Amino acid sequence: MKSTLERENPVASWQEVTLVYNAALKQVNTKLEILNDEFQHVHQYNPIEHIKSRIKTSESIVKKLKRYGYESTIENMVKYVNDIAGIRVICSFTSDIYRIAGMIRNMSDIRVVAIKDYIRNPKPSGYKSYHMIVTVPVFLSDRTVDVKVEIQIRTVAMDFWASLEHKMNYKFEGNAPEAIRKELIECARMVSELDDRMLSLNEEIQAMGEDED
Ligand code: 0O2
């Protein structure tokens, strides 16, 4: 019988939750690696540069629940925190982001729960990334559970920018000096321009190759 993890009541322990989320991460990781290998085989091109995954720390989950105004219970973690299991997919070009997202959407056992497109709609800070919340079935000895995974897809340049901005937010706890915030917004603009120019250049190079064939 299939159920979502949040309907499994009561969820026994944090250890059990971690086990199930880790299994979900492994599933999605493998699916993405297979996609990348197959893409290389068919198109002689890897849309994915690299993949990072992590389970959110319990401290970070508790902080998020507090921000949302919920009590710190295992049930609330599973129900309200969408990024306990997180995967970051880094690619070279913006076009790869939508190609990968499309391939994920087409996977018959993955259900897309939500999408936040911070590439078409960047945050005021300049943050750009494509976020998908999906569920993936995890097969346990006595049942199958649908587990939520957050997939963040972004270019190398967007990831470079986001890492520094994250570091800044952590250091200044959201109260960064105005000059630094402004400089980061300017860097975000440069990152967007760089991504656009690299994409155009790549398309130009590809077209030249095709002409020679
Ligand atoms: P951490 O420490 O990276 O885990 P929701 O999931 O819808 O309930 P949330 O979490 O605000 O609400 O969703 P959103 O906007 O999709 O953000 C999820 C994650 O994206 C964040 O997790 C960050 O990792 C990243 N992110 C979002 N906005 C920014 C940003 O402005 N700058 C940077 N550097 N990263 C961002 P956490 O839990 O906030 O943080």
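The values are calculated or read from the model by the stated rules, or taken from the named source; none is laboratory data. Computed from a predicted structure; not experimentally measured. Note: accessible area is taken over every heavy atom of the protein model, side chains too, but ligands, DNA and RNA are not part of it. Shrake-Rupley method; radii C 1.70, N 1.55, O 1.52, S 1.80 Å.
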Hey, which aspartates and glutamates would be in cross-link range of Lys66, C-alpha to C-alpha under 19 Å, not counting anything within fewer than 8 residues on its own chain?
-> Glu6, Glu75, Asp83, Glu173
Can you list the residues, at least 5 places off or on another chain, whose amide H is less than 5 Å from the amide H of Asp146, using H built in the peptide plane?
-> Ser3, Thr4, Leu5, Val138
Give me D for region 63-109 in µm² s⁻¹, whole number, from Stokes-Einstein with Rh from the Kirkwood sum over alpha-carbon pairs, 4 °C and 1.567 mPa s.
-> 97
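Evaluated at 37 °C with a viscosity of 0.692 mPa s, what Stokes-Einstein diffusion coefficient in µm²/s does region 115-182 have when Rh comes from the Kirkwood expression over alpha-carbon pairs? Don't skip to the end; give the middle numbers.
On the way: Rh = 14.3 Å.
Using the Kirkwood radius from Cα pairs, D works out to 230 µm²/s.
If you take every DSSP beta bridge fully contained in region 4-156, what fraction is antiparallel? Give it as a percent rounded to 5. Spell out each step's value before the answer.
Numbers: 23 of 30 bridges.
In region 4-156, DSSP labels about 75 percent of beta bridges as antiparallel.
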Residue with peak Gaussian network fluctuation, the chain [Cα springs, cutoff 10 Å], from Glu59, Glu16, Glu193 | Glu59
Alpha carbon centre of region 51-124 versus region 150-171: separation in Å?
-> 14
Given 20 °C, 1.002 mPa s and a Kirkwood radius over Cα pairs, the Stokes-Einstein diffusion coefficient of region 4-156 in µm²/s is 131
For Lys128, Lys171, Lys52, write out the residues from largest to smallest accessible area, computed with a 1.4 angstrom probe and no ligands counted.
-> Lys171, Lys52, Lys128
Of all accessible heavy-atom area on the chain, the percent that carbon and sulfur account for (1.4 Å) = 52
